[in-house]
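Values quoted throughout were computed directly from the atomic coordinates according to the rules given, and no laboratory measurement underlies them. In this text the structure is predicted, and so the values were computed from the model without any measurement. As a convention, Cβ positions derive from the backbone with ideal geometry for all residues, glycine included, and neighbour counts pool all protein chains shown.
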Amino acid sequence: MPVHVVEHPVVTHKMSILRDKSTSVQRFRDVVSELTLLLSYEATRDLEVRSCTVQTPLMAMQTHTLTGEDFVIAPILRAGLGMVSGMLRIFPEAKIAHIGMRRDEETALPATYYENIPSPLTSSTVIVVDPMLATGGSLSGGLNLLKSKKPKTLKAICLIAAPEGKARIERDHPDVHVYVAALDEGLNSRAFILPGLGDAGDRMFGTL
């Protein structure tokens, strides 16, 4: 299945910090960044590498390095912005795309209100970041937008997923692998994930 739950004691520990309502804004931001870094390791296991020779202090050796292909981080505004710093710690030269999605009140479908995407993407590995995979509408819409740009590789990282969002992405985008730190119970009447962690954007930016 394209939605992968990353099971690791450190990931679970850090998710517990995010879920705690007493966690401060600064601590929340820091842990979001740390979790994104951890999830990034899983999401990039299949990056292409090439052989190279390096000179250690003792001798020359054959090893491998990344091929240097374009890497693009695509946060879905606004909460996805808080995940960018974690990925930049691994890929400091990455380009940043910005995608603003909101739900159309008449159609209940995701609508794009802002996009700023590097071009072209045909040789790029693109990873979408969005903390909460709730209904799946925003992520699905963002993936549709990026697919129209024909990236070489397209993946996504979320912190928490609801079964409803997981099912939506697996239906709409069975070819896109999504990495999450936790799969929760479901959605309440306001489409908040339960038990979840509240509104990720509000907690990240102190707008509670």
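What number, rounded to the nearest 500 deg cm²/dmol, is the helix-based mean residue ellipticity at 222 nm of the chain, given -39500 (n - 2.57) per DSSP H run of at least four residues and division by all its residues?
Working: 6 runs with 65 residues, N = 208.
Dividing the helical sum by the residues of the chain leaves -9500 deg cm²/dmol.
Answer with one residue from 174, 146, 208: the one whose Cα lies farthest towards the positive end of the charge dipole of segment 51-208, charges on Cβ with Lys, Arg +1 and Asp, Glu -1.
Of the candidates, 146 comes out farthest on the positive side.
Fewest Cβ neighbours within 10 Å first, please rank 85, 40, 24 accordingly. Can you show the working numbers first?
On the way: 85 16, 40 22, 24 10.
With the sparsest Cβ surroundings first, the list reads 24, 85, 40.
Using Cβ contacts closer than 10 Å as the measure, can you line up 36, 56, 12 from fewest to most?
With the fewest neighbours first, 36, 56, 12 line up as 56, 12, 36.
Please compute the modelled spin-label separation between residue 20 and residue 54, points set 7 Å along Cα→Cβ, answer in nm with one decimal.
Placing both labels 7 Å along Cα→Cβ, they lie 3.7 nm apart.
May I ask you to list the GluC sites (Glu not before Pro) in segment 58-142 that are in a DSSP loop and have at most 11 other Cβ atoms within 10 Å of their Cβ?
Numbers: sites: 69, 93, 105, 106, 115; in loops: 69, 93, 105, 106.
Qualifying residues, ordered by number: 93, 105, 106.
As an exercise, use a Förster radius of 35 Å and the Cβ-Cβ distance of residue 12 and residue 116 to find the FRET efficiency, rounded to the nearest 0.05. Don't skip to the answer; put the middle values down first.
Values: r = 35 Å, r/R0 = 1.00.
Rounded to the nearest 0.05, the efficiency is 0.50.
May I ask which residue of 13, 110, 57 lies farthest towards the positive end of the charge dipole of segment 1-128, with charges of +1 (Lys, Arg) and -1 (Asp, Glu) on Cβ and the Cα centre as origin?
13
Which whole-number value in Å³ per residue fits the convex hull of the alpha carbons of segment 92-191? Let's see the in-between values first.
Working: hull volume 10.3 nm³, N = 100.
Hull volume over Cα atoms, normalised by residue count, gives 103 Å³.
Which value, in debye to the nearest 20, gives the size of the charge dipole of the chain about its Cα centre, when Lys and Arg are +1 and Asp and Glu are -1 at the Cβ? Please list the in-between numbers first.
Working: 22 positive and 23 negative charges, 50 e Å.
Computed charge dipole of the chain: roughly 240 debye.
Can you give the local net charge around residue 120? Use residues other than it whose beta-carbon is closer than 12 angstrom to its beta-carbon, Lys and Arg +1, Asp and Glu -1. Spell out each step's value before the answer.
Numbers: positive: 95, 149, 150, 152; negative: 70.
Combined, the nearby Lys, Arg, Asp and Glu give +3.
Computed over the Cα atoms, what is the radius of gyration of segment 135-208 divided by 2.2 N^0.38 Å, N being its residue count? Show your work: numbers first, answer last.
Details: Rg = 13.2 Å, N = 74, 2.2 N^0.38 = 11.3 Å.
Relative to the rule-of-thumb radius for its length, segment 135-208 sits at 1.17.
Using modelled backbone amide H atoms (1.01 Å from N, in-plane), which distant-in-sequence or interchain residues come within less than 5 Å of residue 115's amide H?
Excluding prolines and chain starts, which carry no amide H, the hits are 100.
One quarter of the convex hull surface, Cα atoms only: what value does that give for the chain in nm²? Working shown, then result.
Numbers: hull surface 53.1 nm².
That works out to 13.3 nm².
Only loop residues by DSSP count here, and only those with at most 12 other Cβ atoms within 10 Å; note down the GluC sites (Glu not before Pro) in segment 143-208 that meet that.
When the GluC sites (Glu not before Pro) of segment 143-208 are filtered for loop state and at most 12 Cβ neighbours within 10 Å, 185 remain.
Arrange the following residues from fewest to most other Cβ atoms within 10 Å of their Cβ: 177, 8. Before the final figure, lay out each step's value.
On the way: 177 20, 8 13.
Listed from fewest to most nearby Cβ atoms, that is 8, 177.
Number of Lys-Lys pairs in segment 85-208 under 21 Å by Cα, sequence gap 8 or more or different chains? Please list the in-between numbers first.
Numbers: 95/147; 95/149; 95/150; 95/152; 95/155; 147/155; 147/166; 155/166.
The result is 8.
With label points built 7 Å along Cα→Cβ from the Cα atoms of residue 96 and residue 150, find their separation and express it in nm.
2.9 nm
Report the FRET efficiency, 1/(1 + (r/R0)^6), for residue 172 and residue 47, where r is their Cβ-Cβ distance and R0 is 22 Å, rounded to 0.05. Could you put the intermediate results ahead of the total?
On the way: r = 25 Å, r/R0 = 1.13.
FRET efficiency, residue 172 to residue 47: 0.30.
For a quick check, take a GNM of the chain with Cα springs below 10 Å and name the residue from 120, 163, 174 with the largest mean-square fluctuation.
Maximum among the listed residues: 120.
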